[in-house]
Each structure stands twice: as C-alpha cells, then as structure tokens.
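K.L.:
Below you'll find the structure I mean.
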Amino acid sequence: MRTLALLLFATALAAQDPVDFPGWMQRGVNEFQAARYPAAVVAFERAVAIDPSNANAQLYLASAHMQQFVPGVESPENARLAEAARTHFRRVLDLDRSNAIALASIASLFLNQKKWDDALQWYEKLVAVEPNNADAHYSMGFAAWSKWYPAYRKARANLGMRQEDPGPIKDAAVRANLAARYGPVIERGLRALDKALKINPQYDEAMVYMNLLIRERADLRKTAEEYKRDVATADGWATKALAIKKAKGGGGGGGGRIVYSPTPPLILKRN
C-alpha cells in the first residue's frame with residue numbers, strides 16, 4: 001500500500017509543471033494537511049527552488065520537517081530533521097527577522113533537544129518580538145530549571161542527602177560552588193516565570209516551576225532562617241498551583257514542557 005502511494009505521488013510530481021509555484025505550494029499544503037509530511041517536503045522544496053525569497057514557502061518547508069521531528073528521540077535521523085527545520089526557519093528570519101513562528105519554532109526545537117542555552121537564547125529573541133507571550137517566558141523558566149536541576153540533584157546525592165532531607169546543603173563549599181555556577185541561572189528562570197505569571201496570573205505550570213526553583217534555591221542559602229523563608233514562599237506557590245489545577249478539573253494552565261506549537265499561515269488545523 002505504501003509503495004502504491006509513493007508511485008502515485010511520483011506520477012503526480014512528474015505531471016506537475018516544474019515552474020508552477022502556486023501549484024507546488026498548493027500540493028504542499030494539501031500533503032501537509034493530510035499529514036503526509038515527507039511528500040509535503042518534496043513539494044515545498046520545489047516551490048522554494050522556484051522562489052527562494054518567498055517566506056511563506058520557507059516557513060511551510062521548515063514546518064514540514066519539524067512535524068517529522070519526534071521530541072525525546074535521540075537518533076541521527078531525528079537530529080537531521082531538527083537541523084533541516086532550523087535551516088529553513090533561519091531562512092524565514094533572513095526574509096522577516098521578526099517572524100514569531102520561526103523564532104518560536106527554533107526555540108522549541110532546541111528545548112526538545114535539551115539544548116538549554118540555545119533554547120534560552122532563542123526564547124529571548126522571541127520575547128523581544130512578543131513581550132506578552134506567556135508561554136515563551138514560561139519556557140525560559142523551564143529551560144533554566146532543566147539546566148540547573150541535574151547538578152543540584154547530583155550534589156545532594158553525593159552528600160548522601162535524601163530527597164526528603166531538609167536543607168540547606170550541608171557542605172558549605174558545595175553550596176558556594178553551586179551558587180556561583182547556577183545562581184544566575186536560577187534567578188533568570190524566576191524572572192521569566194514571574195513575567196509569565198504577570199501576563200497570565202492563572203498559569204499553574206509556571207507556578208509549579210516557581211515552587212521548584214525557589215525550593216531548590218533554598219538549599220543554597222547560608223542560614224536555616226533563609227532556607228525556611230524560601231521554603232515557605234515555595235509552599236505558597238505550590239498551594240496556588242494545586243488550587244488552580246483543581247478548579248480547572250486537573251488540567252494545566254500552560255502548554256506543559258512543549259509549550260509553543262504555532263500554526264503556519266493557511267493551515268487551519270495541525271494534524
């Protein structure tokens with residue numbers, strides 16, 4: 001069945017006028033909407049070859065690559081798809097430097113590949129264009145937490161501290177080292193989450209990560225009093241997040257870890 005579909009598609013391509021830009025675009029859109037993304041890539045590549053300066057064609061081609069990318073899968077093919085998508089999103093930005101879809105998509109790809117510094121850099125570019133994008137600010141907070149947390153967890157484990165053991169971290173040298181390396185990362189994440197919550201006060205996922213970053217920052221404090229103060233603040237955010245989730249019937253207020261999945265122009269529904 002798959003072989004027959006490929007043969008039919010190849011026959012249709014052969015019959016298509018090689019310089020018919022609108023025709024290739026329409027074919028690409030049709031394939032995209034039918035979730036036949038490899039076929040969409042072929043059609044949009046033809047369109048781009050005819051008119052490389054068309055930002056919409058570049059955007060569709062990038063999106064067709066991105067739709068085939070699978071978050072969390074580490075394989076050469078998946079990495080190739082991510083890079084192909086980024087290449088064409090960057091070409092969109094060469095034509096339209098403020099294109100929010102391209103900026104958000106590049107940031108999201110880096111986020112899903114766990115390239116936290118790159119993700120933070122591109123979300124910064126996105127919020128410069130869309131300062132009221134709560135999801136972008138939330139994503140920056142999540143990326144900051146993701147960058148810091150492995151080092152924090154490892155430090156506690158190396159000191160024999162269980163998850164339920166209170167802080168601060170008992171080794172002053174370890175505490176100081178973590179604060180020097182990751183203190184700015186934590187504060188950057190908290191600022192981003194604070195902005196997300198100013199834009200959307202009901203953003204419970206942002207509250208969850210406010211709770212986590214403040215609670216974990218408490219372990220870097222020098223005194224028990226400072227530690228307790230941070231923990232109390234974190235508890236407040238945790239309580240608010242739970243209340244909002246309960247009011248919503250358990251649903252989240254943001255987009256979770258993959259928060260920004262924009263729809264390209266002309267596409268009414270993503271498959």
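Bear in mind these aren't lab numbers, they're just calculated from the coordinates by the rules spelled out. No experiment lies behind these values; they were computed from the predicted model shown. Using ideal geometry, Cβ is built from the backbone for each residue, glycine included, and neighbour counts are taken over all protein chains shown.
K.L.:
Excluding same-chain residues fewer than 8 positions from Lys240, which aspartates and glutamates have a Cα within less than 17 Å of its Cα?
P.N.:
List returned: Asp194, Asp204, Glu205, Asp230.
K.L.:
By per-residue mean of other Cβ atoms within 10 Å, what is the highest-first order of 86-93, 41-48?
P.N.:
41-48, 86-93
K.L.:
Which value, in debye to the nearest 20, describes the size of the charge dipole of the chain about its Cα centre when Lys and Arg Cβ atoms bear +1, Asp and Glu Cβ atoms bear -1, and nothing else is charged?
P.N.:
Working: 37 positive and 28 negative charges, 164 e Å.
Dipole magnitude for the chain comes out near 780 debye.
K.L.:
Which whole-number percent is the relative contact order of the chain (Cα, under 8 Å, 6+ apart)?
P.N.:
Working: 348 pairs, mean separation 42.5, N = 271.
Relative contact order, the chain: 16 percent.
K.L.:
Which whole-Hz couplings ³J(HN,Hα) result when phi for each residue of segment 143-158 is put into the Karplus expression 6.51 cos²θ - 1.76 cosθ + 1.60, θ = phi - 60°, listed in order with x for Gly and Pro?
P.N.:
Calculated HN-Hα couplings, in order: 5, 4, 4, 5, 6, 7, 4, x, 5, 5, 4, 5, 4, 5, 5, 5 Hz.
K.L.:
I've got another one for you. Would you kindly state how much longer the chain becomes between Val174 and Ala100 on full extension, computed as 0.36 nm times their sequence separation minus their alpha carbon distance, in nm to one decimal? Before the final figure, lay out each step's value.
P.N.:
Working: separation 74, 0.36 × 74 = 26.64 nm, distance 4.07 nm.
So the extension gain works out to 22.6 nm.
K.L.:
How about segment 111-187: which GluC sites (Glu not before Pro) there lie in a loop by DSSP and see at most 12 other Cβ atoms within 10 Å?
P.N.:
Working: sites: Glu124, Glu164, Glu187; in loops: Glu164.
Loop-located and lightly packed - Glu164.
K.L.:
Here is a further query. Output the pairs from Lys154/Lys222; Lys170/Lys198; Lys115/Lys248 with a Cα-Cα distance over 29 Å in this structure; if there are none, say none.
P.N.:
Violating the 29 Å Cα-Cα cut-off are Lys170/Lys198; Lys115/Lys248.
K.L.:
Measure off 7 Å from each Cα along the Cα-to-Cβ vector at Ala49 and Ala34, then give the distance between these two points in nanometres to one decimal.
P.N.:
2.1 nm
K.L.:
Ok, one more. Arrange the following residues from fewest to most other Cβ atoms within 10 Å of their Cβ: Ser98, Ser108.
P.N.:
Exposure proxy ranking, most exposed first: Ser98, Ser108.
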